[in-house]
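Everything below concerns the one structure shown next.
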Amino acid sequence: MKRRNFIKKASASSLGLIAASSLISCQESKKDKIENIIKSNNLIRPLVIATWKTDLAVETAAKVLEQGGSALKAVEQGCRVEEANEKGQSVGKGGLPDRDGEVTLDACIIDHKGNYGAVLGVKNIKHVISLARKVMEKTPHVMLVGEGAKKFAISEGFKQENLLTKASKKAWLKWKETSMYKPIINIENHDTIGMLAIDKKGNISGACTTSGLAYKMPGRVGDSPIIGGGLFVDNEIGGAAATGLGEEVLKTVGSFLIVELMRQGKTPQEACEEAIGRIVNKPGKNYKDFQVGYIAVNKQGETGAYSIHQWFSYNKYVDKVNTHIQSDFFNKV
Ligand code: ASP
């Protein structure tokens with residue numbers, strides 16, 4: 001196919017990378033050539049997808065991508081918006097504390113080269129997503145926990161602050177009246193943010209940041225900062241992110257599972273549905289008491305989302321439009 005005709009065809013169908021995938025059976029060298037053409041003609045559509053109603057975070061990430069920034073920068077900048085939003089009670093400042101009244105944050109980030117950095121159980125540092133990136137880029141390790149992570153943050157110039165807001169303290173004191181530990185299925189249409197982005201070069205990165213489950217035991221860590229649990233990206237295939245009861249995500253290695261299912265040929269939607277299936281089909285079927293939601297994107301820019309219960313939602317930016325979408329779900333009875 002002549003270069004001009006190919007470009008015309010690809011933009012006419014506005015399929016971006018999908019055009020490349022339909023030609024995947026071509027010989028390797030031909031495939032490389034096509035990818036180069038797509039890249040040099042900006043046919044890759046920047047894309048962002050993030051858990052829950054996260055309009056501003058997604059818009060912020062999209063702006064980075066539209067200006068030619070990397071997917072890594074986009075997901076970091078996007079997640080920082082939620083970390084700074086004191087009204088969100090499950091991420092960053094204002095996050096609900098553990099049962100002792102301490103706010104502890106978890107975050108991780110993955111770039112298109114498969115590099116990963118994470119911080120777990122961090123106190124007094126708001127932008128843990130940036131701290132996770134520093135762990136990835138500036139240390140020989142992939143995870144730092146608790147005091148060590150905080151010490152590293154301070155050495156990198158991060159500001160220390162009280163993360164417990166008046167509203168979170170009030171909620172915790174109220175909780176203490178009964179001290180009943182029961183993860184809430186959907187917290188006010190908002191929860192942990194997991195974000196995936198594709199930049200103009202076609203590279204995928206992901207990030208995830210949370211204060212974890214409200215009133216958790218001190219020291220408890222969920223899925224969000226764990227590679228393959230709350231987040232996974234393989235730049236050849238796609239990425240996935242999770243929200244909800246982290247213990248259940250971890251037991252099924254949810255995000256890694258979704259990416260591997262996509263590698264085997266499933267669409268992002270099919271892969272998310274199967275990953276939820278692995279949870280709800282376990283013996284005992286106790287899924288009625290908790291929520292898990294997944295989002296996924298593949299290399300072609302197709303996306304998927306699925307949850308156990310209704311009201312999981314996500315934001316998606318593509319073709320310059322940022323939309324808040326209700327996810328399909330399993331428990332329809
Ligand atoms: N997945 C997070 C955790 O288990 C919490 C959430 O998404 O609400 O820590």
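In table form, for the structure just shown:
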read-out	value
Where labels lie 7 Å past Cα in the beta-carbon direction, separation of residue 59 and residue 321 in nm	1.7
Amide H contacts under 5 Å for residue 212, placed H, 5+ residues apart	106
Ranked packing of 110-123, 166-179, 230-243, most packed first, by mean Cβ within 10 Å	230-243, 110-123, 166-179
Relative contact order [Cα under 8 Å, 6+ residues apart], the stretch 189-333, whole percent	18
Leading residue at positive end of dipole, the stretch 164-266 (Cβ point charges), from 165, 233, 246	165
Projected label distance in nm at residue 156 and residue 331, using a 7 Å step from Cα toward the beta-carbon	3.7
Neighbour-count ranking [beta-carbon atoms within 10 angstrom, fewest first] of 196, 96	96, 196
Whole-Å distance, taken between Cα centres, linking the stretch 284-328 and the stretch 42-119	16
Sorted peptide list for 278-287, 210-219, criterion being average Cβ within 10 angstrom, highest first	210-219, 278-287
Residues 306, 314, 294, sorted so that the one with the fewest Cβ neighbours within 10 Å comes first	306, 314, 294
Sequence of 324, 309 once ranked by neighbouring C-beta atoms within 10 Å, starting from the fewest	324, 309
Cα gyration tensor category, rounded, prolate or oblate, for the stretch 49-94 with a/c compared to 1.5	prolate
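Since every read-out is calculated from the coordinates, none of them should be taken as a lab result. Please read these numbers as outputs of a predicted model, since none were measured by experiment. So basically every Cβ, Gly included, is an ideal-geometry build from the backbone, and we count neighbours across all protein chains shown.
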